[in-house]
Structures are given as structure tokens and as C-alpha cells.
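Written out below as C-alpha cells is the structure these notes cover.
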Amino acid sequence: MLPLDGITVITLEHAIAAPFCTRQLADLGARVIKIERPKVGDFARKYDERVDGMSSHFVWTNRSKESLTLDVKAEPAQDILRQLILKADVLVQNLAPGAASRLGLSYEELSKINPKIIVCDISGYGDDLEHPGSYRDKKAYDLLIQSESGFLSITGTPEEYVKAGCSIADIAAGMYAYTNILAALLERGKTGKGKRIDVSMLESMAEWMGYPLYYTLRGGSAPPRTGSAHATIYPYGPFPTGDQKKVMLGIQNEREWQAFCKIVLDQADLAEHPDFINNTQRSKNREALRHIIVNTFERFTQAEIIARLEQAKIANASVNEMQDVWKHPQLQARQRWVNVETPIGTVPTLKPVGLKSSDDFVIKAVPDLGQHTHQILSELGYVDDTIKSLEESHTV
């Protein structure tokens, strides 16, 4: 039995945050019915065509779901939606703030017909009428939230802000939605009642910014932008090797610094040099120290430097490109890749993080737009002629 067997999730979702949340619910066995606009669908379907004609974002966040096309503003669709929600356990939506309420999909309205329903609203700045704030109705995309949350201010180089290379604000919000829904299901098991969950991307990222926020609590300066190096610990970051590759390494304490000098640099006396005697001095004189490290590393390959770092028990990593990750030996050794079906064929996908046994999760196909519409409407008691009429009127 899968953890979420018997749980039905209805989702009005697009882009990344909500789909990332509900995909993980589907991984655990929940039935996730994704409601999409007829003919158009989730606009993330068209972000790119890099997966054999499908969008990389969509393939990533939408496996194991059922796609039902429905014009939620059309009157006949309202009845379909109500029937689905009457039997559902969870509703997830990341429409524009207030849009779900205007459709009669607020927790207050839905709990009248289904007291056990859990409603999770995901938005950029919070969808709260009691304490709306002036940002409630602002458009919010991942990069904008990275900026508003202060993430950009500490990320990049001294000359330039740099955003994260993946959608971290969406991912953060999706993860908090996912974990809050799981907690709400546990709570419902005790109380018998559902609840509303209000997840904002800004609050999700503000939580992730805890260290730099506390670092500046009393008005101090923020951690400097230092590219991919550590702002306050040195040496900690990427260094080039003689074969035009890079090695990431991190020195955490004086014992490691001494081992680094002796075994990796073959310069044991350097550990006692007054300019490098402790982390404060090493950070202050990082340019001089970097010159020494680079001069040593350029005589060796990446593999040889990593071998020395391993011998010295210094934390290290290869600076991998995307193709390296697809072939990463540890992911291969742990058998973390499996295949998933899509409308255009089979592609690899990662197993759910933390789960190993196939008894603990399920991976079903990425759905085509409206693939399950006829099946779902039939389950609700609609006959073929009625379904055809709904199709002709573009309700589904």
C-alpha cells in the first residue's frame, strides 16, 4: 500500500510551484487530477521543446497525473468541478490571487460541501483577505521573488547580481505546500476536519534566507557576493586544474588546513604562515592564497587533485556540467534513474528523493492534454452524448 493510496487531489495549477507540489503527492500514490484549459493547457507545456518536443519543465513536474480539460468559467464546468471536489481530499491552486475565490473555490465555500477538504493556495505574496498587504495582487515570477527576498543581493559577483540557475522560489513554495498538505492530512486524521493552507513564494524564500538575515540582524553588512566561493570561509570554492577543469573544495577547520598544506599543496610550512594562520587571515589574504593554490593545481589533472584531497580528507566535488549529472556514477550506483512514459515516448526520471523500494512510490506517465477527460467524466456519470456536447461547446 502506498502512503497516499485513496487520497484524491484536484489541482488548478500552472508553471512550477503547484505542479511540483502535486507531482510529489502523486509519487506517494495520491490520485492527482490536473484541470487544464481546453486547447491550451498548463502554459508550462510550451515553455520549450527540449524533451523530444515536450517542455522540460512540464515533463519534470507532471508525471503520474491525470489531465482533465475544463473551462472552469463555463456554467456546465462548475457542476463538474463541484462533483470532483465533493469527493476530493485536497484542492491545490496557484491561480492569480482572488481568482479561486471568485470561482467559488475558497476554503470557506468548499468546506460547506466537503468539511474534510484541505485547500492549499499558492501565490507570490500570500492570498489573505484579513491581512492582504499591498503586495497581494502583484504578479510574481520566480526571478522576481528571488529579487524581493534578498536572494539576489547575496548571490553573484561583486559587480553583478546572479539568479539561481533553477527555479528555487517556485521549488521552495512547492515544497512547503507539499509538506503542509501532508501535515494537514495527519491533522485531519485526528480531527476529521480539513483546513486552509496559504503558501507564499516570498515567505518560502524568506525562510531560506535565514542565515544572511540573522547575519545582518543588528544592521551589519550583508555577506559579500563572492561568485561560487564562500563569503566568509577560505579556501572554499572552485579552483582550476591543469586539464581545464575545476575542483570545488572546502576547508572547515585548522586541522583540515594543515592537512591541505601538507598533502595537497606539498607545502607543510604554509600552514604556519602568519598571513594564513587562521580563517580570518586566509579570508583577508585570499587573493595571495588563491595564487599559491592555482599554481600548484595547474600541474595536475582534476582527478589527481581530487585524489590528493581525498587522501587529506578534505571535502571536495567535481564541478559538473549537465551531461555529467545524467551519467553521475553515484546516481547510477544507487539505481536512482527509472523510465517514465510521456506522450512522445520514454524518458528517464529520478525516483522520489528518500524512497528506494518500489512499494513506497509510483511513477506513471506524463499526461497529454485532456488525456483523461472522457474517463473522469464517465466516472461522474456523464454519458458519451453529453461528453460530446461538452466538447463541442469547448467546456472540456
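Observations, loosely collected:
- Being more than 21 Å from Ala140 (Cβ to Cβ) and surrounded by fewer than 18 Cβ atoms within 10 Å (Cβ to Cβ) is a description that does not apply to Lys163.
- Considering residues of the range 79-88 that are farther than 14 Å from Lys112 by Cα and in contact (Cβ under 8 Å) with a residue 12 or more places away in the chain only, the residue farthest from the chain's Cα centre (by Cα): Ile80
- Unmet requirement for Gly192, which otherwise passes all of (1) modelled with pLDDT of 95 or more; (2) on the phi < 0 side of the Ramachandran plot; (3) surrounded by fewer than 18 Cβ atoms within 10 Å (Cβ to Cβ): (2)
- Output for the range 358-396, where each listed residue is of a type in the set (Gly, Ala, Ser) and either under 20 Å from the mean Cα position of the chain (by Cα) or assigned to a loop (DSSP other than H, G, I, E, B) (or both): Ser358, Ala365, Gly370, Gly381, Ser393
- Scanning the range 337-354 for residues that are without any contact (Cβ under 8 Å) to a residue 40 or more places away in the chain and either farther than 22 Å from Arg50 by Cα or touching a Cys at 6+ places or on another chain (Cβ under 8 Å) (or both) turns up Val353, Gly354.
- Enumeration of residues in the range 231-266 that are over 19 Å from Lys284 (Cα atoms), of a type in the set (A, V, I, L, M, F, W, C), without any contact (Cβ under 8 Å) to a residue 60 or more places away in the chain and outside any loop (DSSP other than H, G, I, E, B): Ala259, Ile263, Val264
- Check on Ile171, touching a residue at least 24 places away in the same chain (Cβ under 8 Å) and assigned to a helix (DSSP H, G or I): yes
- Considering residues of the range 321-334 that are among the hydrophobic types (A, V, I, L, M, F, W, C) and out of contact with any helix residue (DSSP H, G or I) (no Cβ under 8 Å at 6 or more places or on another chain) only, the residue surrounded by the fewest Cβ atoms within 10 Å (Cβ to Cβ): Met322
- For Ile277, the criteria (1) more than 30 Å from Ala169 (Cβ to Cβ); (2) β-branched (Val, Ile, Thr); (3) at pLDDT below 95 hold in every case but one, which is (3).
- Top-ranked residue in the range 283-314 [being part of a loop (DSSP other than H, G, I, E, B) and out of contact with any strand residue (DSSP E or B) (no Cβ under 8 Å at 6 or more places or on another chain); ranked as surrounded by the fewest Cβ atoms within 10 Å (Cβ to Cβ)]: Arg299
- Of the numbered criteria (1) farther than 21 Å from Cys166 by Cβ; (2) small (Gly, Ala, Ser); (3) in contact with a Phe, Trp or Tyr (Cβ under 6 Å, 6 or more places away or on another chain), the one Ser55 fails is (1).
- Yes/no for Arg218 being part of a helix (DSSP H, G or I) and either without any contact (Cβ under 8 Å) to a residue 12 or more places away in the chain or assigned by TED's automatic domain parsing to the domain that holds Val92 (or both): no
- Of the residues making up the range 335-357, those that are assigned to a loop (DSSP other than H, G, I, E, B) and either surrounded by fewer than 11 Cβ atoms within 10 Å (Cβ to Cβ) or under 22 Å from the mean Cα position of the chain (by Cα) (or both) are Gln335, Arg336, Lys351, Pro352, Val353, Gly354, Leu355, Lys356, Ser357.
- Any hit, the range 187-195, residues being free of Cβ contacts under 8 Å to residues at least 12 places away in the same chain and either in contact with a Lys or Arg (Cβ under 8 Å, 6 or more places away or on another chain) or among the aromatic types (Phe, Trp, Tyr) (or both): yes
- Taken over the range 1-29, the criterion of being out of contact with any helix residue (DSSP H, G or I) (no Cβ under 8 Å at 6 or more places or on another chain) and part of a loop (DSSP other than H, G, I, E, B) is satisfied by Met1, Leu2, Pro3, Asp5, Gly6, Leu28, Gly29.
The values are calculated or read from the model by the stated rules, or taken from the named source; none is laboratory data. Just so it is clear, the structure is predicted and the values come from calculations on it, not from any experiment. We place every Cβ from the backbone using ideal geometry, glycine too, and count neighbours over all the protein chains shown.
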